[in-house]
Amino acid sequence: MLVLILRRLAYAAPIALGVSLVCFSLVYLAPGDPLQAVMPADVTPDMVEMIRHEYGFDKPIPVQYALWLWRAVQGDFGLSIGSRRPVIVDVLGSLQNTLLLTSFAVPIAFVIGYTLGAIAGCFPGRWLDRTVTGFAVMGVSVPNYWLGIVMVIAFAVELSWLPATGMGPRGSDAFSIFSLGDLRYLVMPVFTLSMVPVGIIARSTRAAVAEIRGQDFVITLRAKGLSETAVIRHVLKNALPQVLAVMGLQFGYLMGGSILIETVFTWPGSGFLLAKAIINRDIPVLQGAILLLSLVFVATNLVVDLLQSAIDPRIRRA
Amino acid sequence: MAHTLAVTTPTDLEPDVLPANVVRGYWQSVAYRLRHDPVTLFFGMVILLIILAAIFAPWIAPYDPYKESVIARLKPFGWRGHLIGTDELGRDLLTRIIYGGRISLFMGLAPVAVATVVGGALGILAGFGGRRVNTVIMRTMDVFYAFPSVLLAVAISGAMGGGIANGMIALSMVFTPALCRISETATAQVRNLDFIEAARASGAGTFTILRFHVLGNVLGPIFIYASSLVSVSILLASGLSFLGLGVKPPEPDWGLMLSTLRQSIYVNPWICAMPGAAIFITSICFNLVSDGIRAAMDVRM
Amino acid sequence: MMQIAPSVSNPRRLLRHLLSACALVGLSLSQAQAGGVLTVAMTAGDIPVTTGTPDQGFEGFRFVGWSLYDALVGWDLSKADKPSDIIPGLATSWSIDPNDHKRWIFKLRQGVKFHDGCAFSADDVVWNYARMTDNKAPQFFAQQFALNRGYMTNVANIEKVDDFTVAITTKFVESLFPYTMSYIPMVSRCRAEELKFDWNAFAMHPSGTGPYRFDRMIPRERLELVPNKDYWNPARVPHQDRMILIPMPEAATRVAALLSGQVNFVEAPPPDTIARLKSAGMQIVTNVYPHNWPFTLNFVKGPFTDVRVRQAANYALNRADFVELLGGLATEEYAQVPPFMPYYGKPVRYEFNTKKATELLKAAKCYPCEITLAISTSGSGQMQPLPMNDLLKSQLEEAGFKVNFKVMDWNAMLEIARGGVDKFPDIDGYNGSRALVDPVIAVIKPVAKAYWSPAGANWGHFYNAEIEKLVADIFTEFDDAKRMALLTKLHEAENEQAIMIFVVHDVNPRAISPHVKGFVQSQHWFQDMTPISVE
């Protein structure tokens, strides 16, 4: 197992390096001057040069990359051009808020998706299956930010049941998951964010259950005279590792993909930070946020991979 | 009992359901199964209608998509011949949605097509080329695969400054790695099969082998996967437009219309729901058709 | 005298900080007229910087700059029915040196204390100047340099005369110079030294002389301010207990937040939401203010070099349609500044007349007249740029123009504005809203040669000998009445030249909960938040 972990780590390391290179070079594809967002409208060119030097934008690009990477490894992503705060502080702070959102959305999506998928998989072709499958397709087809907008109008503006935006009356610092009042702020973002994973998990569960039901050992179990409930229990247990792996990947996707939902609900997470960094052309924040989010994704994949190998020895190839 | 009564769904037809007396090739059997799958056929027709409407928009659309009128803003369904009302600039909403299908469908299909060609070719190259070629291509793909798709799309088009072209590049880059992987796997499986050996022994050149044997066996899985990406692409593209990274106004595009109509929701919520509904319906259709194609081609992903 | 110690490293200090903040809240609760928490949804994408001169445009000054800080020169924001002008701030008076018209003497206010308890004096003014300009000084801060430089074009030096007098030397004679000193906030030297010039720490523990003290900030999310009970102007001690500032760039989100009761003061609600807001009992306040939405033109190349084409464009617009499009939240714009400004005069009025516009185009031999205009998709003060520009295009084309738009985001637009006509010669005009805060910005910078881009704000390199002479006369005229007459003449001359395509003036809409009392909306970009209380 240790060998396996090391092997997977050795595989992930160059990918992480490649990711960092992409993050760094990506922002130099950008047209326009990253410095201009902090400049007043009638500034002269020599002042631009002076500020460029002050911010370190005047060095050759490979040198900038090497310096940037070396500092990034030490947790220093530089300062935000807009706010002059250390990027790492902003990114880690907002990452926590996204993590909160995801930690609610993914388990909820799993419970709903697995239940629905199991029901559909056990009754293939019946109206129940079609209803569930239809619901799952809707889940993956709906533009979730649009759903969010509609829900804000319905539940916050018209009915006043839920807050429309933000993370509580005192902001994210004071947010507590043990406060019922604060949890109300989670309801709509979590619901909309879990739409896609519910659909995906339900579909994978249905497929896994349907596949396992056709396998030899199930036929054997039945032949042995096991009750249908017991057979289904066996089938569901066997489908679990596959579905858990899908769930793990969804976790990584949501961490990086909550940008639209966070924008609709002004949720102070990493996606919202990223959206602002793009609008303000705040290059260091853009680099830092994308790098950390993709590293989270790489790490999630690694963990899912290892867990799956631990649960299911058949996967322990290579 | 469930298992004894299990009736397969139309999208789940097993090969043995085919009439035994009909002998046919693989593609013919796929076509046969598709023809007998009412769900896929129905939603396929809907897609065809949407595509035709988009192509023939200038002939079908009742009004000029750019002609605005300050006094006719945000009017309700059926107001003075505007079937589903008017938008925030008094333009006919139905016309805008028909025209909007052009860009939205293009943004759904084009990046997938580009990624299919590029990713497919790279995958075949990686699968058929030497070890070094394989490593270079596949490790590069792994790097791009290491980004969550939304993040990569937002990052690339955000860095390059938005717009249709940049959005297309971004989405193509999002889809290429996955298609490349599938293509590489399929190629590697095919590569060592007997008939390739046979072809090689019979003196066929690498190019001929690639063209006739590898391509034929790799296309199936790629096509199925690509078909499932179209709806993802439409949703991602509309998301980019919503964030201001996609199409620039006054071009009609569903995601952008959703974004610009957002403030008008207090005047006429139904009008504002229409572009979202267009995205939703199109996306559902593509998803269901993709499921149908997958079942018909009987390939498990 | 209550002191709030900066609490960076010492937890006991932090506790004291918190206790004194609580004490402040308690204190204000005991006052009869005071009360309530004012929660403001700003249009800014982030909290404006708290280290002195704010970013995020004039909204940053409005809510953060002039809450935490004061400048030597202040603005009279107390009246809703007359234009605001400068008044004494941290300086009680100023005058020109009779022997040297490039030297200004500012007398400073005595007895003013920073939030940290340190007294304000001439040394602080000199120190703050170095903070923004002298990169060898320990207090130099590049960000503040960048944010300030545009305002300091004409400052050559600041020196101390005595403890409460400073002399400011300008690069050229400018009779309107005092306006410049109304944009430069004074921050506490004591606090900066205590924090060893760590400006990130300062941002979380800012200290100024303003009517509000910093209480807490969650970066990007909210800034909470509490009243400064020791403010040097007792009339402007805030009446509310606390002001919370939340950045909410999405207009739809701001409206939803107000309607669901999460905030009670919203900047710039979109026109389409006004009816719904009113039906929910919200107050919609508007006022005229010097904010216009024009096209700045290219005088080097292209059709607009001909004054007849410029006039044609102005005749082609039916401005009433724009006001209608904006649900009445705008006024028609026929000149650089709105009619209530003291130097408005009697400018030529380009009333909607498509026929006349077409004749002018034909006379100028530009028919159809193809033009390329840069417009932005959003941005500070840009109002509703896309629908408005769509309307503009259709009206211009009615008269015989052929309009090509280059649509871009706000930052790309700023780049065009900053780069100037030399860098973007193929753009015939760009649509950047203008904050006409003082006469120099409003009517001098767009036309004087000294401000040719990229060094200044005369983007299209306008030049006209007569106008140049007028500007020179204004800068050397130190008699207020005579200068006003000259400014009026300049304003009229600019209209004759049709130096821009005038479209509409914004009226600065705000939506306010019925529980918010006492807000007086001044005719200005800056607003006084201190009289507000919340039931």
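Computed quantities for the displayed model
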quantity	calculated
Förster-model FRET efficiency, 45 Å R0, B:Arg131 and B:Tyr32, C-beta, rounded to 0.05	0.60
Gaussian network model of chain A, Cα within-10 Å springs - most flexible of A:Leu307, A:Leu159, A:Leu128	A:Leu159
Alpha-carbon centroids, segment C:423-461 and segment C:143-216: separation in whole Å	26 Å
Rounded FRET efficiency, nearest 0.05, which uses the C-beta distance separating B:Val117 from C:Thr169 and R0 of 60 Å	0.35
Per-residue SASA entry for B:Val114, accessible area with 1.4 Å probe, Å² rounded to 10	60 Å²
Value of relative contact order over chain C, rounded to a whole percent, pairs C-alpha under 8 Å and six or more apart	21 percent
For chain A, built as a Gaussian network whose Cα springs stay under 10 Å, the top-fluctuating residue of A:Val303, A:Val150, A:Val209	A:Val150
Largest-first ordering by accessible area, 1.4 Å probe, given options C:Thr331, A:Thr229	A:Thr229, C:Thr331
Degrees separating the helix B:38-55 axis from the principal Cα axis of chain B, which is the longest one	60 degrees
Estimated vicinal HN-Hα couplings, Hz - segment C:485-500 in sequence order (Karplus 6.51, -1.76, 1.60; Gly, Pro = x)	4, 5, 4, 4, 4, 4, 4, 5, 5, 5, 5, 4, 7, 6, 6, 9
Segment A:87-317, accessible area per residue, ligands and nucleic acids excluded (1.4 Å, Å²)	39 Å²
Overall form of segment C:401-535 per C-alpha gyration tensor (a/c, 1.5; a/b vs b/c)	oblate
Chain A, relative contact order in percent, only Cα pairs under 8 angstrom and at least six apart counted	26 percent
Solvent-accessible area per residue, Å², over segment C:70-194 with all protein chains present [probe radius 1.4 Å]	36 Å²
Shape call, segment C:70-194: gyration tensor on alpha carbons, a/c limit 1.5	rounded
Shape category assigned to segment C:291-506 from the gyration tensor of Cα positions, a/c cut at 1.5	rounded
GNM flexibility winner over chain A from A:Thr165, A:Thr131, A:Thr266 (Cα, springs under 10 Å)	A:Thr131
Peptide A:155-164, shielding by other chains (average Cβ, 10 Å cutoff)	4
Between helix C:122-133 and chain C: long-axis angle, C-alpha atoms, 0 to 90°, nearest 10	50 degrees
Trypsin sites (Lys or Arg not before Pro) restricted to DSSP loop in segment A:241-318 with at most 10 other C-beta within 10 Å	A:Arg317
Per-residue SASA entry for A:Glu49, accessible area with 1.4 Å probe, Å² rounded to 10	100 Å²
Distance from segment A:176-193 to segment A:145-167 (C-alpha centre basis), Å	12 Å
A:Tyr28 accessible area, 1.4 Å probe, all protein chains in place, Å² to nearest 10	80 Å²
Assigned charges on the beta-carbon of Lys, Arg, Asp, Glu; the protein assembly as shown dipole about Cα centre (debye)	2620 debye
Helix axis angle, B:215-242 relative to chain B longest principal axis, alpha carbon, degrees	20 degrees
Pair C:Ala275, C:Lys362: separation of 7 Å Cα→Cβ label points (nm)	4.2 nm
Kyte-Doolittle at least -1.0, axis length at least 24 Å by Cα - qualifying DSSP helices, chain A	A:2-26, A:87-122, A:180-213, A:228-257, A:283-311
Chain A: calculated mean residue ellipticity at 222 nm from DSSP helix runs of at least 4, using -39500 (n - 2.57)	-24500 deg cm²/dmol
Dipole in debye (nearest 20) - segment A:87-317, about Cα centre, beta carbon charges: Lys, Arg +1; Asp, Glu -1	760 debye
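The values are calculated or read from the model by the stated rules, or taken from the named source; none is laboratory data. These numbers come from a predicted model, not from an experiment. Cβ coordinates were reconstructed from backbone atoms using ideal geometry, including for glycine residues, and neighbour counts include every protein chain displayed. Heavy atoms of the whole protein, side chains included, go into the accessibility calculation; ligands, DNA and RNA do not. Shrake-Rupley method; radii C 1.70, N 1.55, O 1.52, S 1.80 Å.
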